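Reading through the structure tokens given below for one structure.
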Amino acid sequence: MTNTPSPEHAENVEHETHEEHPAHLARPRTSWRSAPLSAVRGGLVGAAESVPGISGGTIALVVGLYDDLIDAAGQVLHGGRELVSGLVRRRGTAPAVRALRAVDWPLIVPVLLGMAVVLLLSLRIVAPLLESHPVPVRSVFFGMIVVSVAVPLRLMPGRFRALDGVLMALAAVAGFLLTSLPPGQVDDPSLWFVFLGAAVAINALVLPGVSGSFVLLAMGLYVPVQQALSDRDLAFVGVFVLGAVVGLGCFVKVLQWLLHHRRQGTMAVLAGLMVGSLRALWPWQEEDGTLLAPTGSVVVPVLLALAGAAVVLVAMAWEARAARRTAGRA
């Protein structure tokens with residue numbers, strides 16, 4: 001006699017399987033023909049990172065890059081470890097070459113180039129604009145992030161659970177407290193502090209809702225980084241890049257595992273961090289981050305917030321359409 005599993009048992013088995021083997025693991029390798037589009041998407045991530053309160057990870061989620069970038073970063077780190085291990089233990093570089101060949105270079109190279117170019121441009125354009133017109137600029141980004149909260153919720157493999165609500169609420173509180181930190185002021189930071197700041201800020205880059213620029217602001221490094229880039233201070237920039245590489249290497253494999261094996265709860269936490277980050281984007285606040293009630297006419301800020309929300313909705317619709325096209329060709 002064959003035992004037929006109950007509907008509840010079948011649903012649980014299906015949910016567990018989906019958690020352990022998410023669909024994105026079977027994603028085909030990117031074609032170099034899509035490099036221009038990947039560079040544009042990377043540029044959007046870079047532009048977000050230039051604004052304190054906006055996370056590049058949030059935009060990566062919206063444009064459909066998040067999982068792929070985390071996986072590609074994990075592959076690069078694996079190849080790097082194989083290379084170092086092979087050289088130290090004198091086993092040769094063949095395992096490292098195989099690991100690096102498996103990296104989705106047609107995706108990661110144009111994305112990183114787009115991020116770097118637009119980030120440098122944005123630091124010269126968006127940051128001064130935010131300083132001179134804070135309410136309109138924050139209004140646009142506020143609307144964008146409000147709508148973006150729906151993205152990680154849509155990427156959950158199962159139904160929203162009570163545990164997901166708890167995780168989301170805790171992450172929202174953590175995000176709110178993080179963005180409540182007052183800006184720091186460091187006129188001449190030591191290189192060890194630059195290294196530490198880069199290692200922490202790069203982890204904010206890969207976490208939606210946590211802004212790398214805001215972390216640098218809180219640590220007092222945002223202005224020194226801008227100045228070092230303008231002055232072409234190679235020692236400062238080199239230490240910053242090294243810290244970013246080390247910080248990313250320590251964190252990305254953990255995040256990759258969470259996305260593959262604890263995706264439901266991870267997406268709830270990411271959504272909560274995005275909700276908490278809205279505190280940094282409230283249009284009306286003092287220079288030290290103290291929140292204020294709306295003053296003057298609120299019509300323009302509301303319209304700008306709606307415009308920002310509309311931009312994200314269009315991006316989400318475009319990404320959903322592109323995903324359906326890709327699935328249809330598979």
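A Stokes-Einstein calculation at 25 °C with viscosity 0.890 mPa s, built on the Kirkwood radius of the range 41-132 over Cα pairs, returns a diffusion coefficient of 167 µm²/s. Panel note: the C-alpha atoms of the range 130-203, placed on their principal axes, show extents of 50, 33, 19 Å (largest first).
Restricting the calculation to Cα atoms, every distinct pair contributes to the Kirkwood radius of the range 133-269, found to be 16.7 Å. Using r as the Cβ-Cβ distance of Val298 and Leu153, and R0 as 22 Å, what FRET efficiency do you calculate, to the nearest 0.05? Rounded to the nearest 0.05, the efficiency is 0.20. Extents of the chain, largest first, come to 74, 54, 36 Å (Cα atoms, principal axes, whole angstrom). Each Lys and Arg Cβ is given +1 and each Asp and Glu Cβ -1; about its Cα centre, the range 21-138 then shows a dipole of about 540 debye.
Contact order for the chain, expressed relative to its length and based on alpha carbon pairs under 8 Å spaced 6+ residues apart, stands at 28 percent. Stokes-Einstein diffusion of the range 230-330 at 37 °C, 0.692 mPa s viscosity, Kirkwood radius from Cα pairs, rounded to a whole number: 178 µm²/s.
In a simple Cβ point-charge model (Lys, Arg +1; Asp, Glu -1; nothing else charged), the range 72-217 has a dipole of about 740 debye relative to its Cα centre.
When only Cα pairs below 8 angstrom with a gap of at least 6 residues are kept, the range 69-223 shows a relative contact order of 14 percent.
A simple spin-label model places pseudo-atoms 7 Å from Cα toward Cβ; at Trp192 and Ser34 they are separated by 4.5 nm. If R0 is taken as 41 Å, the Cβ-Cβ distance between His261 and Asp233 corresponds to a FRET efficiency of 0.45. For Gln285, the residues 5 or more places off, or on other chains, whose built amide H falls under 5 Å of its own are Leu292.
Expressed as a whole percent, the accessible surface of the range 159-258 that belongs to carbon and sulfur atoms is 74, based on a 1.4 Å probe.
At an R0 of 51 angstrom, the distance between the Cβ atoms of Val166 and Arg90 translates into a FRET efficiency of 0.50. The GluC sites (Glu not before Pro) found in the range 265-330 that occupy coil by DSSP, while having at most 11 further C-beta atoms within 10 Å, are Glu286, Glu287.
For the range 83-177, the Kirkwood estimate of the hydrodynamic radius, built from every pair of different alpha carbons, is 18.5 Å.
In a simple Cβ point-charge model (Lys, Arg +1; Asp, Glu -1; nothing else charged), the chain has a dipole of about 1220 debye relative to its Cα centre.
The values are calculated or read from the model by the stated rules, or taken from the named source; none is laboratory data. The structure displayed is predicted, hence computed values, not measured ones. FYI the Cβ positions are ideal-geometry reconstructions off the backbone, even for glycines, and counts take in every protein chain you see. With ligands, DNA and RNA removed, areas are computed over all heavy atoms of the protein, side chains included. Shrake-Rupley method; radii C 1.70, N 1.55, O 1.52, S 1.80 Å.
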